[in-house]
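Report on the following structure.
The values are calculated or read from the model by the stated rules, or taken from the named source; none is laboratory data. The shown structure was predicted, so the numbers you read here are calculated from the model rather than taken from an experiment. Here the Cβ positions follow ideal geometry from the backbone for every residue, glycine too, while neighbour counts run over all protein chains shown.
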Amino acid sequence: MRPPAFAFAAAAIFTAAAPAAAEPYTIDKSHAAVTFTVGHLGFSTTHGFFRSFDATIDFDPDAMETSSVEFVIDSASIDTMWDARNGHLKSADFLDVAAHPTITFKSTSVALTSAETATITGDLTIIGVTHEESFAVRLNKIGPSPFNPALMIAGFNATGAIDRTKYGMGYGAPAIGAIIDLRIDLEMSPTN
């Protein structure tokens, strides 16, 4: 029979080896953006963004695969820098913002692909239709702010493409591109 001291030492080793639980982080909206591009009739590319969004993030920099995110976008905040087009995108032909005021993404898994990259998979809901989507995530940098060393910052970008027709937005496709290229850039810090 091993002495009790061994049991305590083993417990301490296994506890130390276990990853710490992911903790809440808050995004810095002054350094965050949700942008997209879509082809227009084969002649050009339309650029747009969403002005209003929020996220609930649990993050562990030492075990990023345990992290999770729930992203909520205000559908009516879409902006393509052209008022008439914005109005059409908010209509029932596209986002139907009166009936579906939010676009949501809730992660289900994070798979590391390198020390700085991962694939995040989750459920994306647009106009009430949900499909599983995956996005490539890159950690740009993590460390203390050069202006406030007490503030830890993690900076990421996430990219991916979705087929809008899967979500019931078939208007104009394929002349107006069915594939929407998405990009999210953000900085975040531990929630106080």
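General remarks:
- Pairs with Cβ under 6 Å, 6+ apart, first in the range 164-182 and at pLDDT 95 or above, second assigned to a helix (DSSP H, G or I) and buried (at least 16 other Cβ atoms within 10 Å of the Cβ): ALA178/ARG164; ILE180/ARG164
- Scope the range 63-92; condition assigned to a strand (DSSP E or B) and small (Gly, Ala, Ser); matching residues: SER68
- Enumeration of residues in the range 18-59 that are within 16 Å of the chain's Cα centre (by Cα) and crowded, with 17+ Cβ neighbours inside 10 Å: TYR25, ILE27, ALA32, VAL34, PHE36, PHE50, PHE53, ALA55, ILE57, PHE59
- Considering only residues in the range 93-108 that are part of a strand (DSSP E or B) and out of contact with any helix residue (DSSP H, G or I) (no Cβ under 8 Å at 6 or more places or on another chain), the one that is farthest from VAL69 (Cα to Cα) turns out to be THR104.
- Scanning the range 140-180 for residues that are within 30 Å of GLU23 (Cα to Cα) and not hydrophobic (A, V, I, L, M, F, W, C) yields a count of 12.
- ILE126, sole failed condition from (1) within 16 Å of the chain's Cα centre (by Cα); (2) under 21 Å from TYR25 (Cβ atoms); (3) among the β-branched types (Val, Ile, Thr): (2)
- Among (1) without any contact (Cβ under 8 Å) to a residue 40 or more places away in the chain; (2) in a strand (DSSP E or B) - the single one ALA115 does not satisfy: (2)
- Within the range 122-159, tally of residues that are within 19 Å of VAL72 (Cα to Cα), surrounded by fewer than 16 Cβ atoms within 10 Å (Cβ to Cβ), of a type outside the set (Asp, Glu) and in contact with an Asp or Glu (Cβ under 8 Å, 6 or more places away or on another chain): 4
Let's see how each residue does on (1) over 15 Å from ASP60 (Cα atoms); (2) in a strand (DSSP E or B); (3) of a type in the set (Phe, Trp, Tyr):
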position	(1), (2), (3)
ILE142	no, yes, no
PRO146	yes, no, no
ALA150	yes, no, no
ALA154	no, yes, no
THR159	yes, yes, no
TYR171	yes, no, yes
PRO174	yes, no, no
LEU186	yes, yes, no
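- Where a residue in the range 79-101 is surrounded by fewer than 12 Cβ atoms within 10 Å (Cβ to Cβ) and its partner, wherever it lies, is assigned to a loop (DSSP other than H, G, I, E, B), with Cβ under 9 Å and at least six apart: ALA98/SER91; ALA98/ALA92; ALA99/ALA92; ALA99/ILE127; ALA99/GLY128
- Only listed residue being under 21 Å from THR26 (Cα atoms) and in contact (Cβ under 8 Å) with a residue 40 or more places away in the chain, chosen from VAL110, VAL137: VAL110
- Among residues of the range 27-76, those that are under 15 Å from ILE184 (Cα atoms), among the hydroxyl-bearing types (Ser, Thr, Tyr) and in contact (Cβ under 8 Å) with a residue 24 or more places away in the chain, counted: 4
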